[in-house]
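Below you'll find the structure, written out as structure tokens, and then a few comments.
The values are calculated or read from the model by the stated rules, or taken from the named source; none is laboratory data. Note that this is a predicted model, so its numbers are computed, not measured. Because the Cβ atoms are built from the backbone with ideal geometry, glycine has one as well, and the counts that use them run over all protein chains shown.
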Amino acid sequence: MKISNNLLHLSLKEAFLDIVPFYIISSLGILFINVFNIDANTNNIVIKSFLHISNTFSYLFPIFLIIAISYYLANNYHISRFISICISLLVFIKFAWVIENNQLYYNHHMEIYAFFI
């Protein structure tokens, strides 16, 4: 049991270290918006593109987290990485996306589900 516990901790450490650059980029976007009071309707193309990039990373962070955790768990437990990632993404999509009245809704606060999946 101790070997399994060490592999779990190792997998989680490796996964979260891989996600740090995405987390920093989205954090910088939030910091610039709040500190410099940047309006999203600005005409500056550089600021607008940086805001879109940081916004995209913040929306995709749970998906990156799912992929990283399932990849390293499968890698350390010697399971097929492709199947592990596919199953994790399918379970995540089941919980994250809801279709109501022919509209697709995405729950943006899925980090907790991503961690448990």
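Determine whether segment 80-93 contains at least one residue that is outside any helix (DSSP H, G or I) and under 26 Å from Glu14 (Cα atoms).
yes
Going through segment 64-75 one residue at a time, which ones are more than 18 Å from His9 (Cβ to Cβ) and surrounded by fewer than 19 Cβ atoms within 10 Å (Cβ to Cβ)?
Phe64
Looking at segment 28-44, which of its residues are of a type in the set (Gly, Ala, Ser) and touching a residue at least 24 places away in the same chain (Cβ under 8 Å)?
Gly29, the sole residue that qualifies.
Can you tell me which of Ser11, Ser27 is part of a helix (DSSP H, G or I), hydroxyl-bearing (Ser, Thr, Tyr) and closer than 15 Å to Ala68 by Cβ?
Of Ser11, Ser27, the one residue that is part of a helix (DSSP H, G or I), hydroxyl-bearing (Ser, Thr, Tyr) and closer than 15 Å to Ala68 by Cβ is Ser11.
Restrict the check to segment 11-23 and report whether at least one residue is buried (at least 17 other Cβ atoms within 10 Å of the Cβ) and either touching a Pro at 6+ places or on another chain (Cβ under 6 Å) or of a type in the set (Phe, Trp, Tyr) (or both).
Yes.
For residues that are closer than 16 Å to Ile93 by Cβ and either at pLDDT 80 or above or of a type in the set (A, V, I, L, M, F, W, C) (or both), scanning just segment 40-63, find the one that is surrounded by the most Cβ atoms within 10 Å (Cβ to Cβ).
Result: Pro62.
Which numbered condition in (1) under 30 Å from Asn5 (Cα atoms); (2) surrounded by 14 or more Cβ atoms within 10 Å (Cβ to Cβ); (3) at pLDDT 75 or above is the only one that His78 fails?
So His78 meets the others, but not (2).
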